[in-house]
Amino acid sequence: MASTIRVRAINSGDITEVQALIQHPMDSGYVKDAQGQTIPAHFIQQLTFEYDGKAVFVADWGPAVSKDPYVKFAFKGAKKGDDLKVSWVDNKGASDATTAKIQ
Amino acid sequence: MAPLDFSPLRRLILKGAGLAALTGLGQIGLGLPAAQAASDKYPEDAFKQKSDADAIKALYGRSADASEQIKLDAPEIAENGGVVPIAVITTLPGVTSISFLVSENPNALAASYVIPEGTVPSVANRLKMAKTSNVIAIVEANGKLYSATREVKVTVGGCGG
Amino acid sequence: MRACALFSSVLTALGFAVFVATALPPARAADAPDPAADAKAFRDYFVKKFPKVKLDDFVNGPYSMNEDMRKQWEEKEQFPPYEFALEAGKEMFATPFKNGKSYADCFANGGIGVRQNYPMFDEKEGKVVTLELALNRCREANGEKPYSYVKDEMASLTAYMAFTSRGKPFDIKIPADPRALEAYQEGKRYFYTRRGQLNFSCATCHVQSPGERIRAETLAPALGILNAMPIYRSEWSGMGTISRRFTTCNSQIRGVPLEPQSDEYRNLEYYLSYVSNGLPISGPGARP
Amino acid sequence: MSRTIGAIALAAVLLPATLIPARAASDADFKTAYAAADAAEKQAGALRNQWTTTEAALAAARKAAEAGDFDQAVAQAREAEALAKASIFQATSEKEAWKALEIK
């Protein structure tokens, strides 16, 4: 199956702007389903972006981050064609990772 | 000026180091490699706190002062509480972390970001809001805590079905 | 019984499309349907009501009329929430059926850049065929089970097809077939007819009150409302098709929704698309 | 026109209260009331104009009958019938009234 991670990393001069969208329910644990049963909390806890073996951005998330979460940040020092590694792990221990080329 | 990497600071708090142990830590250059951040421990305790003040304390071990150097961008009225775009950018030097809190949510802390050296102190994300609430951005810079607050009105809550 | 008399006369009206199909087209009365004039009046109404909104911007619904909301939308569009559905749709569209054929075999130009031509009037069947209907018919003709009309796969497929038509103006045709004109007229009638316990018509909200809030929602203008379909609605936390939009609208006014792709909804889509002719396809869209 | 509908809907709420007989309603009373409501709702269905509130009242009537509360079951069935009749009235009057809303 396709990756749950979509990344756009665009370099311009010294700055690389990164946007990511991740497919994840981000269930808060406060919502009930149609049968009135509480949907257990299920959310990404940590999302990490690594460049050149170093973390350039780490997100610690709680269940108040929106479904299919989105984040945008920028970092210095990368150039076009370089790799950016993205990985996440959720509160149930599931995880996914991908490597994106900086454009 | 090279900002110090203070991200291990709040991890220490989580490990129960206590406030006393933190005194003076701001002067110690914690020269840990940036890669360390990737294996940082998830601040579980801070996410469990109900109020914004308790969450900030659990995360950083202190309270924050309002700063004009933080620009918190959020809508006046959220079109849907389930997806509220919120962004922050700051001109403060030496930023090591940025966090977002929604005061009226069941658990105030929504997201916390580690900003290693070389990363621009600016983050945009989308958060859930249960109802009309203050949104607080916390910026940790040079070992100090700063904040910016904005009220966002919510007519369709993000905790419904 | 008076109620029965009324009842049968309404049935007669509903059966009118069938009636004209078999009888000779009668000479048109003074108030005979004139779709071209309707479309012009429809467009003029919105342009006059919202002088600051550019014509092509109506396809962006409530975002065309509220700056705070527009900012939130522009932020969303940086990495839109329909992205996953769009990619899934592209993959599904390219994947052959078990018999080796594919969606491309069912559509003109291989299905690429054709969304603006739907719904079209099928003169063989004598009825309106929507894109959603055509997709399921394509599946069934190739031995596959039809999809639910309201979301998931159908939303993904139509998202992809809309995407390949982005910017192309709606180009709905009413052929010189009295049944086509009647289908259009029936669609118009449905659009303006009050229903449900709230006694609202589609027009009550989407003609008289666009930009205003009802409960907590900002109403979209009817002009261009289908150009953005399918949509990711934050309220749904997911994608929805035109069928989903129609059925939820009906239940919101406390009316029992009709079956997706019933004649009424097909005609409604025909009418609503026709009066938005010339406005660009912008789907898939993101909405509150 | 919308006022008429409102009046009918209001009557639907008031009627059951005034028409509940002094003696407790029986299963037979429920069946009679329900059949009348069901027939009206079917007619609304043929007009393609059922209301969700009618459906809800019918369901509530069935539920009350199953629980043996025939007073409540009859009251709900009568409300359903009134609602269904209002929806029939709406559909028939809208046959021409819709034109008043059209953009010309």
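The values are calculated or read from the model by the stated rules, or taken from the named source; none is laboratory data. These numbers were taken from a predicted model, which means no experiment stands behind them. All Cβ positions, glycine included, derive from the backbone under ideal geometry; neighbour counts span all protein chains shown.
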message: Can you tell me which of (1) in a loop (DSSP other than H, G, I, E, B); (2) more than 19 Å from residue B:99 (Cα to Cα) is the one residue A:98 doesn't meet?
response: (1)
task: Identify all residues within the range C:262-278 that are surrounded by 22 or more Cβ atoms within 10 Å (Cβ to Cβ) and away from chain D (no Cβ under 14 Å); write none if there are none.
output: C:269, C:270, C:273
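Sort through C:93, C:97 and tell me the only one that's farther than 24 Å from residue C:57 by Cβ, in contact with a Phe, Trp or Tyr (Cβ under 8 Å, 6 or more places away or on another chain), hydrophobic (A, V, I, L, M, F, W, C) and away from chain A (no Cβ under 14 Å).
Unique residue meeting the criteria: C:93.
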Among (1) within 14 Å of chain B (Cβ to nearest Cβ); (2) over 19 Å from residue C:69 (Cα atoms), the one test that residue C:230 misses: (1)
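Filter the range C:164-205 down to the residues that are of a type in the set (D, E, K, R) and without any contact (Cβ under 8 Å) to a residue 12 or more places away in the chain and list them by number. Talk me through it step by step, then tell me what you get.
Just the residues of the range C:164-205 that are of a type in the set (D, E, K, R), to begin with: C:166, C:168, C:171, C:173, C:177, C:179, C:182, C:186, C:188-189, C:194-195.
C:189, C:194 - these are the residues of the range C:164-205 that are of a type in the set (D, E, K, R) and without any contact (Cβ under 8 Å) to a residue 12 or more places away in the chain.
What is the residue count in the range C:157-209 for residues that are among the aromatic types (Phe, Trp, Tyr) and within 24 Å of residue C:239 (Cα to Cα)? Can you show your working first?
Going residue by residue through the range C:157-209, those that are among the aromatic types (Phe, Trp, Tyr) are C:160, C:163, C:170, C:184, C:190-192, C:200.
Within this subset, residues satisfying the condition of being within 24 Å of residue C:239 (Cα to Cα) are C:160, C:163, C:170, C:191.
Qualifying residue count, the range C:157-209: 4.
How many residues are without any contact (Cβ under 8 Å) to a residue 24 or more places away in the chain and away from chain B (no Cβ under 14 Å) if we restrict to the range C:206-227? I'd like the intermediate steps shown before the answer.
Pass one, the range C:206-227, residues without any contact (Cβ under 8 Å) to a residue 24 or more places away in the chain: C:206, C:208-209, C:212-216.
Cutting the leftovers down to away from chain B (no Cβ under 14 Å) gives us C:206, C:208-209.
Qualifying residue count, the range C:206-227: 3.
Keeping to the range A:48-64, report how many residues are more than 7 Å from every other protein chain (Cβ to nearest Cβ) and outside any strand (DSSP E or B). Write out each step before concluding.
In the first step, residues of the range A:48-64 are kept if they are more than 7 Å from every other protein chain (Cβ to nearest Cβ); the result is A:49, A:51-52, A:63.
Among the residues that remain, those that are also outside any strand (DSSP E or B) are: A:52, A:63.
Of the residues in that region, 2 qualify.
Just to verify a result, which residue in the range B:55-92, among those that are farther than 19 Å from residue B:150 by Cα and not small (Gly, Ala, Ser), is modelled with the lowest pLDDT?
So the first thing to find is which residues in the range B:55-92 are farther than 19 Å from residue B:150 by Cα, and the list is B:57-62.
Within this subset, residues satisfying the condition of being not small (Gly, Ala, Ser) are B:57, B:59-60, B:62.
Details: B:57: 94, B:59: 94, B:60: 94, B:62: 91.
Result: B:62.
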task: Among what's in the range C:228-253 and is within 17 Å of the chain's Cα centre (by Cα) and β-branched (Val, Ile, Thr), pick the residue that is surrounded by the fewest Cβ atoms within 10 Å (Cβ to Cβ).
output: C:248
- request: Could you check residue C:217 against (1) surrounded by fewer than 22 Cβ atoms within 10 Å (Cβ to Cβ); (2) in contact with a strand residue (DSSP E or B) (Cβ under 7 Å, 6 or more places away or on another chain) and say which number it fails?
  value: (2)
message: Here's a check for you: in the range C:70-83, which residue that is of a type outside the set (D, E, K, R) and surrounded by fewer than 21 Cβ atoms within 10 Å (Cβ to Cβ) is nearest to the chain's Cα centre (by Cα)?
response: C:80
query: If you check D:24, D:100, which single one turns out to be more than 10 Å from the chain's Cα centre (by Cα) and closer than 30 Å to residue C:43 by Cα?
result: D:100
Where residue C:286 falls short, out of the listed (1) modelled with pLDDT of 95 or more; (2) part of a strand (DSSP E or B): (1)
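Let me confirm something: among B:51, B:67, B:99, B:147, which residue is of a type in the set (Ser, Thr, Tyr), surrounded by fewer than 23 Cβ atoms within 10 Å (Cβ to Cβ) and within 12 Å of the chain's Cα centre (by Cα)?
Values: B:51 fails: within 12 Å of the chain's Cα centre (by Cα); B:67 fails: within 12 Å of the chain's Cα centre (by Cα); B:99 fails: surrounded by fewer than 23 Cβ atoms within 10 Å (Cβ to Cβ).
Only one candidate qualifies: B:147.
Considering only residues that are farther than 16 Å from residue C:96 by Cβ and crowded, with 21+ Cβ neighbours inside 10 Å, which ones fall in the range C:142-159? Break it down into steps so the answer makes sense when it comes.
Quick first cut of the range C:142-159, residues farther than 16 Å from residue C:96 by Cβ only: C:146-152, C:154-156, C:158-159.
Once the filter is applied, which keeps residues that are farther than 16 Å from residue C:96 by Cβ and crowded, with 21+ Cβ neighbours inside 10 Å, the range C:142-159 yields C:149, C:150, C:154, C:155, C:156, C:158, C:159.
Is at least one residue of the range B:144-157 within 12 Å of chain C (Cβ to nearest Cβ), hydroxyl-bearing (Ser, Thr, Tyr) and either within 16 Å of residue A:58 (Cα to Cα) or in contact (Cβ under 8 Å) with a residue 60 or more places away in the chain (or both)?
Here is the first cut: in the range B:144-157, the residues within 12 Å of chain C (Cβ to nearest Cβ) are B:152-157.
With the extra rule that they be hydroxyl-bearing (Ser, Thr, Tyr), the set shrinks to B:155.
Narrowing further to those that are either within 16 Å of residue A:58 (Cα to Cα) or in contact (Cβ under 8 Å) with a residue 60 or more places away in the chain (or both): B:155.
Checked the range B:144-157: at least one residue is within 12 Å of chain C (Cβ to nearest Cβ), hydroxyl-bearing (Ser, Thr, Tyr) and either within 16 Å of residue A:58 (Cα to Cα) or in contact (Cβ under 8 Å) with a residue 60 or more places away in the chain (or both).
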The range C:83-117, residues that are in contact with a Ser or Thr (Cβ under 6 Å, 6 or more places away or on another chain) and either aromatic (Phe, Trp, Tyr) or at positive phi (or both): C:113
query: Can you name the residue in the range D:9-58 that is at pLDDT 95 or above and touching a Lys or Arg at 6+ places or on another chain (Cβ under 6 Å) and is also surrounded by the fewest Cβ atoms within 10 Å (Cβ to Cβ) among such residues?
result: D:52
message: Out of the residues in the range A:18-38 meeting the condition of being part of a strand (DSSP E or B) and more than 10 Å from chain C (Cβ to nearest Cβ), tell me which one is nearest to residue B:83 (Cα to Cα).
response: A:27
statement: Log entry, pairs with first residue in the range C:121-141 being more than 15 Å from residue C:263 (Cα to Cα), second being among the aliphatic types (A, V, I, L, M) and crowded, with 21+ Cβ neighbours inside 10 Å, beta carbons closer than 6 Å, six or more apart or on different chains, reads C:135/C:157
Subset of the range D:22-59 (residues that are more than 25 Å from residue C:257 (Cα to Cα) and out of contact with any helix residue (DSSP H, G or I) (no Cβ under 8 Å at 6 or more places or on another chain)): D:22, D:23, D:28, D:31, D:32
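Return the residues of the range B:81-96 that are over 17 Å from residue A:58 (Cα atoms) and either within 11 Å of chain A (Cβ to nearest Cβ) or under 13 Å from the mean Cα position of the chain (by Cα) (or both); say none if nothing qualifies.
Kept after step one, since they are over 17 Å from residue A:58 (Cα atoms), are these residues of the range B:81-96: B:81-86, B:90-93.
Scanning the range B:81-96 gives B:81, B:82, B:83, B:84, B:85, B:86, B:90.
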message: Among the residues that make up the range C:123-138, is at least one of them in a loop (DSSP other than H, G, I, E, B), under 20 Å from residue C:153 (Cα atoms) and under 21 Å from the mean Cα position of the chain (by Cα)?
response: yes
query: In the range B:105-140, how many are buried (at least 23 other Cβ atoms within 10 Å of the Cβ) and away from chain A (no Cβ under 11 Å)?
result: 5
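Is it the case that the range B:26-41 has a residue that's part of a loop (DSSP other than H, G, I, E, B), farther than 25 Å from residue A:48 by Cβ and modelled with pLDDT under 95? Quick ask: steps written out before the conclusion?
First, the residues of the range B:26-41 that are part of a loop (DSSP other than H, G, I, E, B): B:28-33, B:40-41.
Now restrict to residues that are farther than 25 Å from residue A:48 by Cβ: B:28.
If we keep only those that are modelled with pLDDT under 95 as well, we get B:28.
Looking for residues that are part of a loop (DSSP other than H, G, I, E, B), farther than 25 Å from residue A:48 by Cβ and modelled with pLDDT under 95, one finds at least one in the range B:26-41, hence yes.
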- line: In the range A:65-76, residues that are more than 8 Å from chain B (Cβ to nearest Cβ) and either of a type in the set (A, V, I, L, M) or surrounded by fewer than 16 Cβ atoms within 10 Å (Cβ to Cβ) (or both) total 0
